[in-house]
Structures are given as structure tokens and as C-alpha cells.
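Presented below is the structure to which this report refers.
Please treat every number below as a calculation from the coordinates, not as lab data. Being a predicted model, the structure only gives us computed values, none of them experimental. Note that we place each Cβ from the backbone using ideal geometry, even for glycine, and neighbour counts take in every protein chain shown.
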Amino acid sequence: MMVHQPRYSKEDIGRLGDEIYHRDIRPLVMPQEKGKFLVLDIETGDYEVDEEDLKAEKRLRTHRPSGIFYGVRIGYTSAYTLSGRMIEDQA
């Protein structure tokens, strides 16, 4: 029996997604899209932006069905918060 190995670890997806976002995409979407969700395919660099993360992912998945996705809330250090306070990205 052959076991399927993931192409990337969760750590690799996070590292690569963060690098691509900060290097290539953030300058294009800040500040006009601040607060929206961005979903990025780490293999192609394609991305979608929306007020709702699932809508952005669904649109991206229509043309990248087997993509490896990374998500971020534009302008913040995390996509979600449990404490009710978002920390702005100072990059």
C-alpha cells in the first residue's frame, strides 16, 4: 500500500506564503484592501481578495483546483482573533 505524502509541510506553506505575500503582493494591495482576506496559491503566486475568506478561496479554487493555499488578512499579523483585537502588520 502506497501512502500519499503531502507536497509541503504546514510550516513550509506558512513560510512560503508569507514570503510571497510580503515580497510580491503586499505592496500591491496595501492600504486599499486592508482588512480583507487574501488567499494565495504558493506554487503559482495567483491570489484572490474578498471580504470573506471562503469566497476568496472558492474563486481561486475555480482556476487552481489543486493549488496549495495560504491565507492572510491584509494589513494584520493574523487572520482571526479570539480576543477581539487585531494587531496591525508593521512590515
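Data for the structure
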{"item": "Members of region 15-46 found to be free of Cβ contacts under 8 Å to residues at least 24 places away in the same chain and not β-branched (Val, Ile, Thr), listed by number", "result": "15, 19, 23, 24, 27, 28, 32, 46"}
{"item": "Breaking point among (1) within 13 Å of residue 35 (Cα to Cα); (2) out of contact with any helix residue (DSSP H, G or I) (no Cβ under 9 Å at 6 or more places or on another chain), for residue 62", "result": "(1)"}
